[in-house]
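Asker: Quick one: the structure is below, and I'll ask about it shortly.
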Amino acid sequence: MPVTFLQAAGGAILLRYAIVLSQAGPKLILTHAWTASILIALALWLTDRSLLYPNLRSPLRAFPRVPATNVMAERPRGKTPLNWFRQFPDADAVVMREPLGRMILFPTSPEALRDIMSTNSYHWEKNPGIRAFLGRVIGFGLIMAEGEDHKKQRKALTPAFNIRHIRALGPLMADKTQVLVEQLEKEGGVVEFSHWASRLTLDIIGPAALSREFGTLTSDDDPVAEAFGELLDPSPELITFMVSNMFLPQWFATRLPVKANRLIRVHCSKLRTLCRTILNEKHDGLKQAEEGAEDDILKNIVQSGQFTDEEVIDQMLTFLAAGHETTASALTWSMYLLALHKDVQARLRAEVRGSGEVESMPILNGVCEEVFRLYPTVPLTIRQSMCDTIVAGIGVPKGTVALIVPYAINRHPKHWNGVKTSSADEKSPGLSEKLDCEEFWPERWLMDGRINKHGGTNSNFCETTFLHGPRSCIGKDFAKAELKYAIAGLVAKLDIDIADPEREVIAGGTVTTKPIGGLNLRMKKVA
Ligand code: HEM
């Protein structure tokens, strides 16, 4: 529609200009007519893009408008969208207009989120530039696949993450946590915890996904930890390069003589070589052993018979990258929240020291769910519509950019403000207190002492830490089990306090959320 309008207007003006100038002689036509018509067409296009289309024709006008803000740069990421959601609590989405008129959609209501993530999930894809860049780093596995390719990969990989396999990993998760506890006891005193959390999760994903011990908890020089450290917790230069990949064509970006390109080439080639070696060993193991090689995610992928060796390596890189810093971030924030809420820490310690299955302990479950809600590891993710589609009953054109912001959605006041009720309150009504959407309150996830799945809201789309639908996190159950075992193991043995209470803890990080400057904790053995 805008193109038709522009073509007609530009054509008419061009014709008129040509007639006027033709009367002034052929030389003048050649000198000015084309320049003038190009400038006029450009001016019309800009006017249309920045004024007419957004104000008069865009269907996104149906949603409240918010001022342009650099939401990618703010800390914590999602802070401003949360303010918008407070301002427009009943809106299905808000729309931000960038200076050149591009409209960005921020879906907020469960209906809008369901349309994007579930009903019309395949109408939306990730930004092609970011995909190409991240694919170079973490492989073109499941996270980077789109459309039919994604459907095929997801179907082949889902059995590897079934609940039976994850349950079987419980002892490994508990054992590795025990190694961490011993290391922390040796450190004796103040530790920078996010660093230890990454080591733990790498040592769990290694054997769980690839039958490979990385041993990062007990050794300082591990090439895998180093490569992921530099690639996933990158320098400002690497971040700038990543963002510029959204706009630059890949044939150009990959050839730029910048340090970031060299760093990616060196580390990725090391990681691919390592994965190739592991894969060859797995093939040998599968050929030799009657029972097959050790049971892990890799064995399931190889045995699915759906992938070439290079594709399996892409999946291995994806699982290593997606499956380690993410849970490390959640574990870091768990320790932070438990250090701030010593009463919850004490109740949790009593629970995990008692009998019962780690998977079904009520307080532990509530603590994990509150951590995922308040500090979603991926605070924001981006999508672009590949065709005309519908969001909460409004027709949204092809090419629309949507920013899904779990940080803000998970704290939406309309869904998460409430009333604190506990069994004690139920016996003595009138004692209920107001519950703020940003308050850490594990009991949201308990109803009459039993675990509930929605945290007291009326839709699971009120919480989007792992997203929902076909593009939701395939490792969700793995991550939840891992976090439970890690918290249970740590809290049972160690008392956790903030080491430097004066310092403000702010959520930063590039791909995953982490406290800026780390998290210093005082961890003491408890009797
Ligand atoms: C706290 C832990 C975790 C969080 C918060 C988390 C969150 C997410 C999110 C938000 C996405 C969607 C990203 C997007 O499309 O923009 C995702 C996708 C994915 N995650 Fe996780 N994740 C976690 C742990 C894991 C683990 C442990 C694994 C593997 C062992 C894993 C593997 C994946 C994969 C393969 C995808 C792509 C799924 C697809 O597109 O079909 N994640 N995760």
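The values are calculated or read from the model by the stated rules, or taken from the named source; none is laboratory data. Predicted model only: the values in this text are computed from it and were never measured. Glycine also receives a Cβ, built like all others from the backbone with ideal geometry; neighbour counts cover every protein chain displayed. We work out accessible area using only protein heavy atoms, side chains counted, and drop any ligands, DNA or RNA first. Shrake-Rupley method; radii C 1.70, N 1.55, O 1.52, S 1.80 Å.
Asker: Would it be correct to say that Leu142 is farther than 28 Å from Asn261 by Cα, of a type in the set (A, V, I, L, M) and assigned by TED's automatic domain parsing to the domain that holds Val405?
Answerer: Spelling it out, it is not the case that Leu142 is farther than 28 Å from Asn261 by Cα, of a type in the set (A, V, I, L, M) and assigned by TED's automatic domain parsing to the domain that holds Val405.
Residues are listed down the side, and each one gets a yes or a no for (1) in a helix (DSSP H, G or I); (2) outside the structural domain of Glu281 (by TED's automatic domain parsing); (3) at pLDDT 80 or above; (4) away from the ligand (no atom under 14 Å from the Cβ):
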| position | (1), (2), (3), (4) |
| --- | --- |
| Ala197 | yes, no, yes, no |
| Leu202 | yes, no, yes, no |
| Ile205 | yes, no, yes, no |
| Thr218 | no, no, yes, yes |
| Glu230 | yes, no, no, yes |
| Pro234 | no, no, no, yes |
| Phe241 | yes, no, yes, yes |
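Asker: Could you count how many residues in the range 207-216 are away from the ligand (no atom under 13 Å from the Cβ) and open to solvent by 10 Å² or more (accessible area, probe 1.4 Å)?
Answerer: Total meeting the criteria: 5.
Asker: So, one more: Where residues in the range 495-527 are within 16 Å of the ligand (Cβ to nearest atom) and in a strand (DSSP E or B), which of them is farthest from Val378 (Cα to Cα)?
Answerer: My answer is Pro515.
Asker: Which of the residues that make up the range 259-282 are in contact (Cβ under 8 Å) with a residue 12 or more places away in the chain and exposed (fewer than 14 other Cβ atoms within 10 Å of the Cβ)?
Answerer: Listed by number, the list holds a single entry, Lys259.
Asker: Now, a different point. Hey, does the range 326-333 have a residue that's closer than 30 Å to Val191 by Cβ and open to solvent by 20 Å² or more (accessible area, probe 1.4 Å)?
Answerer: Yes: the range 326-333 contains one or more residues that are closer than 30 Å to Val191 by Cβ and open to solvent by 20 Å² or more (accessible area, probe 1.4 Å).
Asker: So if I check each of Tyr17, Tyr53, which one is open to solvent by 70 Å² or more (accessible area, probe 1.4 Å), at pLDDT below 90 and not aliphatic (A, V, I, L, M)?
Answerer: Within the list Tyr17, Tyr53, the selection yields Tyr17.
Asker: How many of the residues in the range 292-314 are open to solvent by 70 Å² or more (accessible area, probe 1.4 Å) and within 16 Å of the ligand (Cβ to nearest atom)?
Answerer: Looking only at that region, the number is 3.
Asker: Collect the residues in the range 451-475 that are within 16 Å of the ligand (Cβ to nearest atom) and in contact with a Pro (Cβ under 7 Å, 6 or more places away or on another chain), keeping them in residue-number order.
Answerer: Passing the criteria: Phe461, Cys462, Thr464, Thr465.
Asker: Follow-up. When the range 142-172 is examined, which residues are found to be more than 11 Å from the ligand (Cβ to nearest atom), in contact with an Asp or Glu (Cβ under 9 Å, 6 or more places away or on another chain), under 30 Å from Ile496 (Cβ atoms) and not small (Gly, Ala, Ser)?
Answerer: Answer for the range 142-172, where residues must be more than 11 Å from the ligand (Cβ to nearest atom), in contact with an Asp or Glu (Cβ under 9 Å, 6 or more places away or on another chain), under 30 Å from Ile496 (Cβ atoms) and not small (Gly, Ala, Ser): Ile163, Arg167.
Asker: Given the criterion surrounded by 19 or more Cβ atoms within 10 Å (Cβ to Cβ) and closer than 22 Å to Leu403 by Cβ, identify the matching residue among Glu443, Glu463. Steps first, please.
Answerer: Values: Glu443 fails: closer than 22 Å to Leu403 by Cβ.
Testing whether each residue is surrounded by 19 or more Cβ atoms within 10 Å (Cβ to Cβ) and closer than 22 Å to Leu403 by Cβ leaves just Glu463.
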